[in-house]
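J.: Sharing a structure below in structure tokens format, with a few things to ask.
The values are calculated or read from the model by the stated rules, or taken from the named source; none is laboratory data. Note that the structure is a prediction, hence the values are computed from the model and not measured. Please note: Cβ atoms are built from the backbone with ideal geometry, for glycine as well, and neighbour counts cover all protein chains shown.
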Amino acid sequence: MTTWRGWLLNPAPTSRRQAQLGGWFRAWLAFRRNTLGMAGLFIVLLLITIAVAAPLIADPATALTQTLEDRLQPFSWAHPFGTDELGRDIMARMMFGARITLTIVILVSLIVVPIGLAIGLPAGYFGGWIDAVLMRVTDIFLAFPRLILALAFAAALGPGIENAVIAIALTAWPPYARLARAETMTRRSSEFIQAAELQGASHLRIIATQIVPLCLPSVIIRLTLDMAGIILTAAGLGFLGLGAQPPSPEWGAMVSTGRAVLLDHWWVATLPGIAIFITSLGFNLLGDGLRDVASGRG
Amino acid sequence: MMDMPLLRVRNLSVTYPSDDGDFRAVRNVSFTLGRERLGIVGESGSGKSTTGRAIMGLARHPARVQADELLLGDIDLRRQTERQLRRLRGKRMAMVLQDPKYSLDPVMSVGQQVAETHRTHLNSSKAEAKAAALDMLNAVHIRDPERVYAMYPHQVSGGMGQRIMIAMMLIAGPELLIADEPTSALDVTVQSQVLSIMDELVRSRGMGLILISHNLHLVSSFCDRVLVMYAGQIVEVCDAGRLADAQHPYTRGLLAALPELGHRRRDLPQLQRDPAWMDDIITPLETRMPPPGA
Amino acid sequence: MSIILEHVTVSYGRGAKRFDAARNVSLAVAEGEAYGLVGESGSGKSTVLRAVAGLIAHAEGRVALAGQTMGRRRTTAQRKTVQMVFQDPYGSLHPNQTVDQTLSMPIAIHKLGNADRRVSAALEEVGMGPTHRFRYPHQLSGGQRQRIAIARALILEPRILLLDEPTSALDVSVQAEILNLLSRLRRDLGLTILMVSHDLAVIAHLCERIAVMNRGEIVEETTADALAAGDVKNPYTQQLLRSNKGFDPSGGELDLLDSVPIR
């Protein structure tokens, strides 16, 4: 381990890869000192592990098969988190639900970041009418309350997880466009950009190689902080029956169906709710930690 | 009559902890300041600004400040609590920084900021404070103080902003002024004028001035005495007019490396840093007391 | 003539709000000569430099480099003729790119090939070595960063080198090293130099002919020797000379302070 560490922290790297990895490693060391951020990272990693390992730990059948004799059982060895109103094992359902949550999170990120950058970067870089047009489009999307607009899209597209993802993504991208635009405008008059222009770099090259790397950190941090909102929106859609459809074990849907038996069998709705809470918290803490490291407060 | 010195510093050290071991930004700095103009000169990393901050009590955690003596008049600055230091700052000792853009509150008019200092330290009424502020703006040679009183920091030029800072810092009547690169952000023609004003006020009020700068010529032409700092230590002490007779190779090297109008050389002699300069000086230079009656 | 400027004007805004950063600037620099522009902030010297560099699209007047008149947009080939070293050594290098990446980009843009060899040669030319090649700017000192900036400017083998206060942000000891480096490079490569500074001593060290600018215009054209002898006509130049010597107890014109416009 010492030699790896020494190689990474070498103040005179001999290749680009060594320099880049060294940079990542130093950032990691700085992040490691942030306790809350590490707690957030732990939670997120736990979520990923559970999602990936779900089929290995729990039998998918127990998550989906209805066994009415077993309905609404409290905690037991056979069912550590109890069973729901249709006799399905809640723990198994929660674990498979983690997969759905993770899928939504990844898909939304993959859609939102490119769209945000594609709209914000040219707006900030070129200014003028390009900026005006792109920002008005952004303003239109921003004018609607996010959850309501997502509802409208989901209702228009029809129920289902894929449509829920699209609906959420369509309402989540505007702040990223704004962020990308602001970062670009700040850096636009930097001397290293002028130096690149002086060398004859095309606009595309400047945007892609010089500006994008500068925008990405704040976009990613924003994304992790937004995760909580995305998860809650997905849960909200599920709660209203517009996201994942039964018998899919999406956490929001589980909370929704658990409402009917809340008073006598509290665990059916509450446990998925706690899962949503912890996951959101994890992403928030992770985002806070990343932001602290990025802004040097450590 | 020999005045009690305004400031006595003996073996002042400031250390910053870091991943690679402690970094000693200031090492065993000792000097005495009377009613005179003392210049502290050094390049970046020499510890000159940190010294000024440590005296003002602004070198905070994680910095560790130690000194055998740190006396402002008869007040032991080492033993003051943060609260007590706040009362001293502005009233007994003041500091002017480099860029007024960053030192002035952007959302308050400049006059109000000057008046506020007066109210804070002298417990005056609003009217008294405003009158004192206008007086002070006059003292720093601002024409039409009434009009300038109402202006906001972004509306004033650099030179005027710095004069306003000086007004603000001196209005409560401190006896010590530390100026950290006060003219570095100003145009060359404005620098002399701002320094003149500082000089006039310092003399008329019998204050002591510490001018911290990287500009050797400026310091030697303005101050009475010069301390040269390198790597946290004072390596040279001399009377300002006699800089050419400097002893330490660092000072001589620095003077030689400056391009000079009229003295055209093909290549400027480059400073050869001797690693021995980094070693702790065994007997730190203790400056002489200013001559009586100065 | 390597650089010719004829009635170059750069203005911002229109009508009553029109502000001329540079007005009617004309000068000529011979090949291999070092010409200095000296003035305070707001004098327009940096604006003129950027107009020569082709960084200001809306500049009026004629800019001709190496005999060729430059249009509003510069072609890639024209970009090779003139390069610039900026004032802030940290701001002029991309913070997330290694030295290697920074130096490789111009080679890639102009498709020069042999990137590895060119980068090594450029580093050596400015007195740096392979140990610095893969470092990030924040791992380099101010002087080292400025050397990289110079290497980057020279890697395209320009005929003309523009210097925008290249040593203002550096310590005195480092300034001497960089000035010596620039002198040597100018001699070895036969560069034409146009340099901007507020420091008379620095400009007179490197340049033979010097123009003094104030509020967007050239107020006097003189030589380093004349400046040294104090043989100057314009009162503004005289004031600059006095201020450059250090603290001037006579104070200069106090009135000037209050009439300086809003910055």
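J.: Checking the structure you have, find out if any residue of segment C:119-136 is away from every other protein chain (no Cβ under 12 Å) and either within 14 Å of the chain's Cα centre (by Cα) or under 18 Å from C:ALA34 (Cα atoms) (or both). Can you show your working first?
T.: Filtering segment C:119-136 for residues away from every other protein chain (no Cβ under 12 Å) gives C:120-126.
Narrowing further to those that are either within 14 Å of the chain's Cα centre (by Cα) or under 18 Å from C:ALA34 (Cα atoms) (or both): none.
No - not one qualifying residue is present in segment C:119-136.
J.: Okay, moving on. Out of all the residues in segment B:191-201, which are crowded, with 21+ Cβ neighbours inside 10 Å and in contact with a strand residue (DSSP E or B) (Cβ under 8 Å, 6 or more places away or on another chain)?
T.: Once the filter is applied, which keeps residues that are crowded, with 21+ Cβ neighbours inside 10 Å and in contact with a strand residue (DSSP E or B) (Cβ under 8 Å, 6 or more places away or on another chain), segment B:191-201 yields only B:MET198.
J.: Name the single residue, out of those in segment B:123-172 being outside any loop (DSSP other than H, G, I, E, B) and polar (S, T, N, Q), that is nearest to the chain's Cα centre (by Cα).
T.: Step by step, filter segment B:123-172, then rank; the result is B:GLN162.
J.: Is it the case that segment B:197-209 has a residue that's part of a strand (DSSP E or B), modelled with pLDDT of 90 or more and either under 15 Å from the mean Cα position of the chain (by Cα) or closer than 28 Å to C:VAL202 by Cα (or both)?
T.: Yes, segment B:197-209 contains at least one residue that is part of a strand (DSSP E or B), modelled with pLDDT of 90 or more and either under 15 Å from the mean Cα position of the chain (by Cα) or closer than 28 Å to C:VAL202 by Cα (or both).
J.: Within segment B:173-187, take every residue that is among the small types (Gly, Ala, Ser) and in a loop (DSSP other than H, G, I, E, B) and give me the one that is nearest to B:PRO106 (Cα to Cα).
T.: Among them, the one singled out is B:ALA185.
J.: Please indicate, with yes or no, whether at least one residue in segment A:197-212 is more than 29 Å from C:ARG152 (Cβ to Cβ), in a helix (DSSP H, G or I) and either within 14 Å of chain C (Cβ to nearest Cβ) or not β-branched (Val, Ile, Thr) (or both).
T.: no
J.: To continue, here is another question. For A:ARG178, all conditions in the list (1) within 14 Å of chain C (Cβ to nearest Cβ); (2) of a type in the set (Lys, Arg); (3) crowded, with 17+ Cβ neighbours inside 10 Å hold save one; what is the number of the exception?
T.: With respect to (1) within 14 Å of chain C (Cβ to nearest Cβ); (2) of a type in the set (Lys, Arg); (3) crowded, with 17+ Cβ neighbours inside 10 Å, A:ARG178 is out only on (1).
J.: To continue, here is another question. I'm trying to understand the selection: among the residues of segment A:5-49, which are in contact with a Gly (Cβ under 8 Å, 6 or more places away or on another chain), exposed (fewer than 13 other Cβ atoms within 10 Å of the Cβ) and not in a helix (DSSP H, G or I)?
T.: Selection gives A:ARG33 alone.
J.: Please work out if A:LEU72 is in contact (Cβ under 8 Å) with a residue 60 or more places away in the chain, at positive phi and out of contact with any Pro (no Cβ under 6 Å at 6 or more places or on another chain).
T.: yes
J.: If you don't mind, there's one more thing I want to ask. Give all pairs with beta carbons closer than 7 Å in which a residue from segment C:83-108 that is closer than 15 Å to C:ILE150 by Cα meets a residue that is among the acidic types (Asp, Glu) and assigned to a loop (DSSP other than H, G, I, E, B); count only pairs at least 6 apart in sequence or on separate chains.
T.: C:GLN87/C:GLU165
J.: Of everything in segment B:175-189, what is surrounded by 23 or more Cβ atoms within 10 Å (Cβ to Cβ) and either touching a residue at least 60 places away in the same chain (Cβ under 8 Å) or in contact with a Phe, Trp or Tyr (Cβ under 7 Å, 6 or more places away or on another chain) (or both)? Give them in sequence order.
T.: B:LEU177, B:ILE178, B:ALA179, B:PRO182
J.: Can you work out which of the residues in segment B:136-172 that are more than 13 Å from chain C (Cβ to nearest Cβ) and in contact with a strand residue (DSSP E or B) (Cβ under 7 Å, 6 or more places away or on another chain) is nearest to B:LEU201 (Cα to Cα)?
T.: B:LEU170
J.: Given the criteria within 13 Å of the chain's Cα centre (by Cα) and crowded, with 24+ Cβ neighbours inside 10 Å, does B:LEU227 qualify?
T.: yes
J.: Looking at C:LEU162, C:LEU170, C:LEU154, which is the one that is more than 11 Å from every other protein chain (Cβ to nearest Cβ) and either under 27 Å from C:ILE210 (Cα atoms) or of a type outside the set (Lys, Arg) (or both)? Give the derivation first.
T.: On the way: C:LEU162 fails: more than 11 Å from every other protein chain (Cβ to nearest Cβ); C:LEU170 fails: more than 11 Å from every other protein chain (Cβ to nearest Cβ).
Selected residue: C:LEU154, the only one of C:LEU162, C:LEU170, C:LEU154 that is more than 11 Å from every other protein chain (Cβ to nearest Cβ) and either under 27 Å from C:ILE210 (Cα atoms) or of a type outside the set (Lys, Arg) (or both).
J.: Looking at segment B:116-144 only, could you name the residues that are in contact (Cβ under 8 Å) with a residue 24 or more places away in the chain and not β-branched (Val, Ile, Thr)?
T.: Residues satisfying the conditions are B:HIS118, B:HIS121, B:LEU122, B:ALA132, B:ALA133, B:MET136, B:LEU137, B:ALA139, B:HIS141.
J.: Evaluate the following for A:ALA54: is it over 30 Å from A:LEU8 (Cβ atoms), of a type in the set (Gly, Ala, Ser) and part of a helix (DSSP H, G or I)?
T.: It is true that A:ALA54 is over 30 Å from A:LEU8 (Cβ atoms), of a type in the set (Gly, Ala, Ser) and part of a helix (DSSP H, G or I).
J.: If C:GLN87 satisfies every condition in (1) touching a strand residue (DSSP E or B) at 6+ places or on another chain (Cβ under 7 Å); (2) on the phi > 0 side of the Ramachandran plot but one, which is the exception?
T.: Unmet condition: (2).
J.: Still on this structure: Out of A:SER202, A:SER218, A:SER248, A:SER280, I need the residue that is modelled with pLDDT under 85 and of a type in the set (S, T, N, Q). Which one?
T.: A:SER248
J.: Considering (1) touching a Ser or Thr at 6+ places or on another chain (Cβ under 6 Å); (2) away from chain A (no Cβ under 11 Å); (3) modelled with pLDDT of 90 or more, say which one C:PHE86 fails and leave the rest.
T.: (2)
J.: Only one of (1) within 28 Å of B:THR15 (Cβ to Cβ); (2) more than 9 Å from chain C (Cβ to nearest Cβ); (3) surrounded by fewer than 24 Cβ atoms within 10 Å (Cβ to Cβ) fails for B:ASN215. Which number is that?
T.: B:ASN215 satisfies every listed condition except (2).
J.: Filter segment C:241-263 down to residues that are within 7 Å of chain B (Cβ to nearest Cβ), in a helix (DSSP H, G or I) and at pLDDT 70 or above and give me whichever is nearest to the chain's Cα centre (by Cα).
T.: C:ASN244
J.: Name the single residue that is farthest from the other protein chains (Cβ to nearest Cβ) among those in segment A:1-34 being among the charged types (D, E, K, R) and under 17 Å from C:HIS138 (Cβ atoms).
T.: Out of the qualifying residues, it is A:ARG26.
J.: Something else now. Just checking, which of B:LEU70, B:LEU38 is among the hydrophobic types (A, V, I, L, M, F, W, C), surrounded by fewer than 24 Cβ atoms within 10 Å (Cβ to Cβ), away from chain C (no Cβ under 14 Å) and under 17 Å from the mean Cα position of the chain (by Cα)?
T.: Just a single option satisfies the conditions, and that option is B:LEU70.
J.: Continuing with this model, one more query. Looking only at segment C:104-133, count every residue that is at pLDDT 90 or above, in contact with a Ser or Thr (Cβ under 9 Å, 6 or more places away or on another chain) and hydrophobic (A, V, I, L, M, F, W, C) and tell me the total.
T.: Going through segment C:104-133 one residue at a time, the tally reaches 3.
J.: Sticking with this structure for a sec: Taking C:LEU163, is it over 16 Å from C:ALA122 (Cβ atoms) and buried (at least 23 other Cβ atoms within 10 Å of the Cβ)?
T.: yes
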